[in-house]
Structure formats: structure tokens, C-alpha cells
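Reviewing the structure listed below.
The values are calculated or read from the model by the stated rules, or taken from the named source; none is laboratory data. Quantities reported herein were computed from a predicted structural model and do not represent experimental measurements. Every residue, glycine as well, gets a Cβ built from its backbone with ideal geometry; the counts of neighbours run over all protein chains shown.
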Amino acid sequence: MLGEYRITGRGASDIAASIESGVGSGALEPGELLPPMRELATRLGVNPNTVAAAYRTLRERGVIETAGRRGSRIRPRPASTSRGSLRVEVPPGVRDVSAGNPDAALLPSLGDAFAAAARHHQREPGLYGQAPVDAEFARLARASLDVDGVPAGPIAVTSGSLDSIERILAAHLRPGDAVAVEDPGWGGLLDLVPALGLTPVPVALDDDGPLVAEVERALDLGARALIVTDRAQNPTGAAISALRARELRAVLTRFPRTLLIEDDHGHAIVDQPLHCLAGVTRHWAFVRSAAKAYGPDLRVAFFTGDTLTVDRVAGRQQLGPGWVSRLLQRAVVQLWASGAVDPLAVADSYGRRRAALIRALAGHGVDAFGRSGMNVWVPVPDETRAVTQLLHSGWAVAPGARFRLSAPPGVRVTVSGLSMEDVAQIADALAAAIGPAPARSYG
């Protein structure tokens, strides 16, 4: 316990800072057990309530976790350590298929959209006191949701999907609450949940989305929220099927107090229909982002949900940034209204590359998954070996550790930068790096 590191401080904030300093310097390692509160209080000569307050602060910051009588310990991977740090450094001459970016050739030109937004601003300047959501943005956003059968609800605008999810979680949950998350799943989300002091509960999935028994287990264990990706799941490409949606809605009907958050970031880059889960729980939110189809740097997403959830998020947002730039909102309106992106053409482009890579790997006896979106997930027996050998072969892939809690190992390949001519080469390199075929699943 602690080794040579000495925790210091007389006040709760000083004690918490001392422990955080140890974590930051590496003197306190992930998983290391902290002294019981009374023991540390005696050692420091302070009231046990002071140490309890310090530990509570650290839990809320995602630095430590507490497991009842088993005590408090440094999180296995502290929230201050982003999963993005697990990325591969790409040497010169190596092709990078790890980043998860869209194909820049499929993104629309933004010049005309921003010019139109600027002209609108000249006529109607954006000032304090105006509605945070542009009226035309709200109308078009709501219309797109209506087409897909998403339940009625007000619209709020945020700076990306993860910003939406963070604000929605904070509106309802408290540190220590459990959140059911897909495993493997989006690395940013797997970072965010513990950073908010929440406890992730992994839920396995297959090509049709989260497994019903896994969701039921997580909710039975007390998870207060469930976050699912409707289509283009990152990193596996899963898309919730009609049958799976009906089964999941039946489970959620039995847990009506669950906060349901749906992430549909794949909208406008996929050809699979949406099978929405919302409408059976008291509190819910449905999130869409402009990032994948129109450009990550736009930093614009919107969500709808039950009135209380949207009101809570909007109210808290007004106390911070206030609103997402209406200039950006108007630029997105222009992109939507002008038909700057052809969703079927974009989906077809990504789909042909995904399918070609999966077929090529199958020819080597290697299983891979990618039903929708721009990524292919390849189970491997040894991530380190696979990633290292692929680097030597001239390819940088994303290590699965960025996306996993308890799921088996794998690597993610982003196909958006691949030409059809590249597919055979990377398939050969993957097959050589993986060796014997791994298990035939990723959940």
C-alpha cells in the first residue's frame, strides 16, 4: 500500500491535491490501494471527516474508486489519462488508418455555407438575449428526427456529441452512479464516464447492437443510465436492427427510471434505417452530430429528449458558454438546405471499402466486423504484437485498448483513407500480423 509515497495535508483540499500529485508523477500507480480513512486521519493528525471529504472529492474527479469494505484505490486508468494517449505514433512512411476521421474528399466545401451565414448575420446580428437555438436550425433538425420516427421533444444545440452526452449525464446523475456502456465502445465516452465520477458497466454487443441479456444484467445491477449507438458504432460498426430495438425497448419498459441516451452520430453517412429506442423511459435523449458527414471541426451537435432533460441541460448551458455560436448553426443550416452531402453516396463509398476489407480478410481466414460507418473491428489474440507488426509492415492501426473495458482484444481500422487498391495490401498485412484466426466474436 503506497510504497514510499507519503500523503500530506491538513485540509481536505490539500490531502486530495497530495494524492493527485502522486498520481500525476507516477508515484501512485493505477490500482494502488489507499489507506483506510481513519488510519490516514490518525497519521495526519486530522479528523476522519476531513479525509472522507478528500476521498469524496477524488471520487468525483474520477481519480479514485471505492469498493465498500475493500477500500479506496487509484482507478486502474485514472480519468486524467485519456484513452487517446493509447494511440500509435505514426513514423514517416507509415500509412495511418487509426485516427477515425472521415474521408476529406467526401466532406462538403464550407465556404459558401459560411458566406451565407455571414450575410444572414449582417441582416440579423447575433446578440445577447436571443434564443440559443436558431429557429431554422431547430426546424430542420426536428424535421429530420420526425422522418426517422424520433419522439417529439424540444431541440438543444451543443459542441459535439460528447458535449451533449456529458451535459445530459450531469443533468441527472451523481458521482458513484453506474452507467451501462457498450464494450467495445467509443474511447471518448469510456473516458468521460469515470471523469464524471460515474461507474461504467460494460455491455457486450454484436452486429445488431447491445446484447439484450447484457443490458438487462446491467440494469438489474443498478445502472441508472444506458448509452447506446444506433448506427456506425465505434469501433465495431454495429447498427441496431429492428428486432433488437424491439427487444431492448421491452427491457427498458421494465426499467422506466433509466436515463436512455442514444448516439446517432452516423446519421447522413449510413444507409441502415434508424430503429429508435426512445419513448419508453421517463428521461431520454437522442443525439446527432454534424461531425462525420459535414466536418469534425464544425463542433455542432443537437439533441432532443424529454422536456425536463432538455430544460436542465439548456439552463446549465446558459450559466457557462451560453449558447453554441449561431453563426455555426446558420452555416449548418445552409449545408442541410443545399443538400451539400448525399447520404446514400457517402454511405456507399464507406460501405464498399468496408465490405472489400472484410471480404479480403475472410479470404485469409480472419474474421472482421463492420456493418456500418467508417471503421472495421478485427479481433486479435495479441494487440501489442499485431500493432507492432503492422507498423513494421507500413500500417498504423488503432489498438483495441482504446475502446475496451472487458471485451476481448482487437484492433480498429478506419477505411476512410483507403483506396480499393489499398485493401488487398492491408488485408495481407493484417493476416500476417494476427497469425492464427482468433475467436469469432467481439463481445
Q: Please determine, by comparing only the residues of the range 48-77 that are exposed (fewer than 13 other Cβ atoms within 10 Å of the Cβ) and either over 29 Å from the mean Cα position of the chain (by Cα) or more than 16 Å from PRO194 (Cβ to Cβ) (or both), which one is modelled with the lowest pLDDT.
A: GLY68
**Q.** Unique match (being crowded, with 23+ Cβ neighbours inside 10 Å, out of contact with any Gly (no Cβ under 8 Å at 6 or more places or on another chain) and assigned by TED's automatic domain parsing to the domain that holds ASN101) among LEU361, LEU357
**A.** LEU361
Q | Condition check for VAL376: more than 15 Å from ALA432 (Cα to Cα) and in a loop (DSSP other than H, G, I, E, B) | A | no
Q. Does the range 134-145 contain at least one residue that is more than 23 Å from the chain's Cα centre (by Cα), within 26 Å of ASP206 (Cα to Cα) and in contact (Cβ under 8 Å) with a residue 12 or more places away in the chain?
A. no
Q.
Please go through (1) surrounded by 18 or more Cβ atoms within 10 Å (Cβ to Cβ); (2) modelled with pLDDT under 90 for LEU34 and return the number of the only condition it doesn't satisfy.
A. (2)
Q.
On the basis of being buried (at least 17 other Cβ atoms within 10 Å of the Cβ), of a type in the set (A, V, I, L, M, F, W, C) and not assigned by TED's automatic domain parsing to the domain that holds LEU205, does ALA429 make the cut?
A. yes
Q) Can you name the number of the only condition in (1) out of contact with any helix residue (DSSP H, G or I) (no Cβ under 8 Å at 6 or more places or on another chain); (2) at pLDDT 95 or above; (3) not hydroxyl-bearing (Ser, Thr, Tyr) that LEU391 fails? A) (2)
Q: Could you run through the range 120-162 and say how many residues are assigned to a helix (DSSP H, G or I), touching a helix residue (DSSP H, G or I) at 6+ places or on another chain (Cβ under 8 Å) and of a type in the set (A, V, I, L, M, F, W, C)?
A: 3
Q: Filter the range 98-117 for residues that are surrounded by 13 or more Cβ atoms within 10 Å (Cβ to Cβ), of a type outside the set (S, T, N, Q) and at pLDDT 95 or above and give the result.
A: PRO102, ASP103, LEU106, LEU107, PRO108, LEU110, ASP112, ALA113, PHE114, ALA116, ALA117
Q: Select, from ALA355, ALA337, the only residue that is among the small types (Gly, Ala, Ser), more than 15 Å from THR236 (Cα to Cα), assigned to a helix (DSSP H, G or I) and modelled with pLDDT of 95 or more.
A: ALA337
Q: Search the range 226-254 for residues that are closer than 15 Å to LEU274 by Cβ and pair each with any residue that is polar (S, T, N, Q) and surrounded by fewer than 23 Cβ atoms within 10 Å (Cβ to Cβ) when their beta-carbon atoms are under 6 Å apart and the residues are at least 6 apart or on different chains.
A: ARG231/GLN272; ALA239/GLN272
Q.
Please verify whether SER80 is part of a helix (DSSP H, G or I) and modelled with pLDDT under 90, treating the condition exactly as stated.
A. no
Q: Kindly provide the set of residues from the range 159-216 that are within 21 Å of ARG282 (Cβ to Cβ) and in contact with a Phe, Trp or Tyr (Cβ under 8 Å, 6 or more places away or on another chain), ordered by number.
A: SER164, ILE168
Q: Look at ALA398 and say whether it is farther than 30 Å from LEU274 by Cβ and either buried (at least 17 other Cβ atoms within 10 Å of the Cβ) or over 17 Å from the mean Cα position of the chain (by Cα) (or both).
A: no
Q.
Restricting to the range 91-111, name every residue that is in contact with a Leu (Cβ under 9 Å, 6 or more places away or on another chain) and either without any contact (Cβ under 8 Å) to a residue 12 or more places away in the chain or outside any loop (DSSP other than H, G, I, E, B) (or both).
A. ARG95
Q | Residue check, VAL366 in a loop (DSSP other than H, G, I, E, B), closer than 13 Å to ILE426 by Cα and either in the same structural domain as ASN101 (by TED's automatic domain parsing) or not hydroxyl-bearing (Ser, Thr, Tyr) (or both) | A | yes
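Each row is one residue, and each column tells you yes or no for (1) free of Cβ contacts under 8 Å to residues at least 60 places away in the same chain; (2) out of contact with any strand residue (DSSP E or B) (no Cβ under 9 Å at 6 or more places or on another chain); (3) of a type outside the set (A, V, I, L, M, F, W, C).
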residue: GLY11; (1), (2), (3): yes, yes, yes
residue: ALA16; (1), (2), (3): yes, yes, no
residue: GLY31; (1), (2), (3): yes, no, yes
residue: MET37; (1), (2), (3): yes, no, no
residue: LEU44; (1), (2), (3): yes, yes, no
residue: ALA67; (1), (2), (3): yes, no, no
